[in-house]
Amino acid sequence: MKIAVVGCGAMGSVYAALLAKAGNEIWAVDVWQEHVDAIRANGLHIEGASGDNTVVLNATTEASEVGACELVILATKARHVRAAAKSVVGMLAPEAPVLTIQNGLGSGDAAAAALGAARVTIGVAGGFGAKMLAPGHARHEGMEMIRLGEMEGPVTLRLEAIAKVWRNAGFHVKCFDDIHQLIWEKLICNGTFSAVCTLTGLTAGGVLDDADAWAVASACASEGAAVARAKGISLDFDDAVAYVHAFGSKIRDGRPSMWQDMDAGRPGEIDAINGAIAGAGKAAGVDTPTHDTLTALVRAAEVARGIREG
């Protein structure tokens, strides 16, 4: 299958490399010129949970070079999804689906606004812990699961076909009738650890072990679950604090992508994670004081570092 992966940072690089290794024709599309040049010159090197592999694939900074694809995967940061979706119109073969797979809320709606909801499917990745080590070189600590769903409604034949492509590349994949439940379950975990780790410098395990940090983080879990339930989202757990504690215990050495972004001097996804929970809480009439405070602090830290306009 000819597949474009648009946004080949850490997670996108894992997707692109393993899908290419499975025999698909992969086009990695990214704005990072040094990364694209390294892939062209030496292949894409991925190490970690799936082994140590260097894979030859196509790479470009220009969407117009790709041509028609049977599947397009949007793996950009959440804030770039709408622009990325607009850029892939020329890549889409007739009936080709677009899979958008990000942290936080709103990516499906952003892609649908550009491409129409009928084109869009949604992915939720969990347990990868990916990071870039250098241009053309990424690492991932785990490969828990890729969860897939349609924008609305039950699992379809096309969704099962997408899942088969990922499974053949070695990913653990499940399809769900209600992807929004999965989005919120991951969002609650991200909202618990991302901002707290970013502001304290602690790993997920460090947050669990520090009484002050855990007091803040666990309050995030409780608030996030309250917002989800107020919105009518079904959650597969009753005790949100126990749920996120179990999640964090599996990735004790993990540093969230928000922390990595701050460390690298890039804008993070605070608005799509803690800020989105706060916004959804306001709309649902649920107070989220912890998420409100963390969102303000991360935004202020980004302004102070010159990576966000004041």
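Taken together, the residues in the stretch 34-51 that are outside any strand (DSSP E or B), touching a residue at least 40 places away in the same chain (Cβ under 8 Å) and within 20 Å of residue 127 (Cβ to Cβ) amount to 2.
Are any residues in the stretch 134-145 among the aliphatic types (A, V, I, L, M) and either in contact with a Pro (Cβ under 8 Å, 6 or more places away or on another chain) or modelled with pLDDT under 95 (or both), and if so, which ones? Quick ask: steps written out before the conclusion?
Here is the first cut: in the stretch 134-145, the ones among the aliphatic types (A, V, I, L, M) are 134, 138, 143, 145.
The answer is 143, 145.
When the residues of the stretch 197-215 are filtered to those that are of a type outside the set (Val, Ile, Thr) and buried (at least 23 other Cβ atoms within 10 Å of the Cβ), which remaining residue is modelled with the lowest pLDDT? Residue satisfying both the conditions and the ranking: 204. Residues in the stretch 64-81 that are at pLDDT below 95 and assigned to a helix (DSSP H, G or I) were compared, and the one that is farthest from residue 194 (Cα to Cα) is 64. Residues in the stretch 19-33 that are in contact (Cβ under 8 Å) with a residue 60 or more places away in the chain, of a type in the set (A, V, I, L, M) and either surrounded by fewer than 24 Cβ atoms within 10 Å (Cβ to Cβ) or outside the structural domain of residue 75 (by TED's automatic domain parsing) (or both): 22 only. Annotation: residue 152 fulfils all but one of (1) assigned to a loop (DSSP other than H, G, I, E, B); (2) over 28 Å from residue 227 (Cβ atoms); (3) without any contact (Cβ under 8 Å) to a residue 40 or more places away in the chain; the unmet one is (2). Every condition in (1) buried (at least 18 other Cβ atoms within 10 Å of the Cβ); (2) more than 16 Å from residue 103 (Cα to Cα) holds for residue 236 except the one numbered (1). The set of residues in the stretch 294-308 being at pLDDT below 95 and either basic (Lys, Arg) or in contact with a Leu (Cβ under 8 Å, 6 or more places away or on another chain) (or both) consists of 305, 308. Only residues that are of a type outside the set (Phe, Trp, Tyr), buried (at least 17 other Cβ atoms within 10 Å of the Cβ) and outside any helix (DSSP H, G or I) were counted in the stretch 161-179, giving 3.
When 222, 218, 194 are screened for being touching a Pro at 6+ places or on another chain (Cβ under 6 Å) and modelled with pLDDT of 95 or more, only 194 passes.
Looking for whichever is over 30 Å from residue 16 (Cβ atoms) and outside any helix (DSSP H, G or I) here; the options are 208, 202. Which one fits?
Details: 208 fails: outside any helix (DSSP H, G or I).
Testing whether each residue is over 30 Å from residue 16 (Cβ atoms) and outside any helix (DSSP H, G or I) leaves just 202.
Of the residues that make up the stretch 135-158, is at least one among the basic types (Lys, Arg) and loosely packed, with under 14 Cβ neighbours inside 10 Å? Steps first, answer last, please.
First, the residues of the stretch 135-158 that are among the basic types (Lys, Arg): 139, 147, 158.
Subsequent filtering for residues that are loosely packed, with under 14 Cβ neighbours inside 10 Å retains none.
No, there is no match, as no residue in the stretch 135-158 is among the basic types (Lys, Arg) and loosely packed, with under 14 Cβ neighbours inside 10 Å.
Every residue in the stretch 180-196 that is charged (D, E, K, R) and either over 15 Å from residue 225 (Cβ atoms) or surrounded by 24 or more Cβ atoms within 10 Å (Cβ to Cβ) (or both), please. Before the answer, list the steps.
Taking the stretch 180-196 first, the residues charged (D, E, K, R) are 185-186.
Listed by number, the list holds a single entry, 185.
Pick from 215, 230, 225, 204: which is touching a helix residue (DSSP H, G or I) at 6+ places or on another chain (Cβ under 8 Å), under 22 Å from residue 299 (Cα atoms) and either outside the structural domain of residue 263 (by TED's automatic domain parsing) or free of Cβ contacts under 8 Å to residues at least 60 places away in the same chain (or both)? Lay out the reasoning, then the answer.
Working: 215 fails: touching a helix residue (DSSP H, G or I) at 6+ places or on another chain (Cβ under 8 Å); 230 fails: under 22 Å from residue 299 (Cα atoms); 225 fails: under 22 Å from residue 299 (Cα atoms).
Going through 215, 230, 225, 204 in turn, just one is touching a helix residue (DSSP H, G or I) at 6+ places or on another chain (Cβ under 8 Å), under 22 Å from residue 299 (Cα atoms) and either outside the structural domain of residue 263 (by TED's automatic domain parsing) or free of Cβ contacts under 8 Å to residues at least 60 places away in the same chain (or both): 204.
Screening residue 45 against (1) buried (at least 22 other Cβ atoms within 10 Å of the Cβ); (2) at pLDDT 95 or above leaves a single unmet condition, (1).
Could you tell me whether any residue of the stretch 52-59 is in contact (Cβ under 8 Å) with a residue 60 or more places away in the chain and either in contact with a helix residue (DSSP H, G or I) (Cβ under 8 Å, 6 or more places away or on another chain) or not basic (Lys, Arg) (or both)? Even if it seems obvious, please write down each step before you answer.
Here is the first cut: in the stretch 52-59, the residues in contact (Cβ under 8 Å) with a residue 60 or more places away in the chain are none.
Looking through the stretch 52-59, none of the residues is in contact (Cβ under 8 Å) with a residue 60 or more places away in the chain and either in contact with a helix residue (DSSP H, G or I) (Cβ under 8 Å, 6 or more places away or on another chain) or not basic (Lys, Arg) (or both).
The values are calculated or read from the model by the stated rules, or taken from the named source; none is laboratory data. Note that the structure is predicted; figures quoted are calculated from it, not measured. Cβ atoms come from the backbone with ideal geometry, glycine included; neighbour counts cover every protein chain shown.
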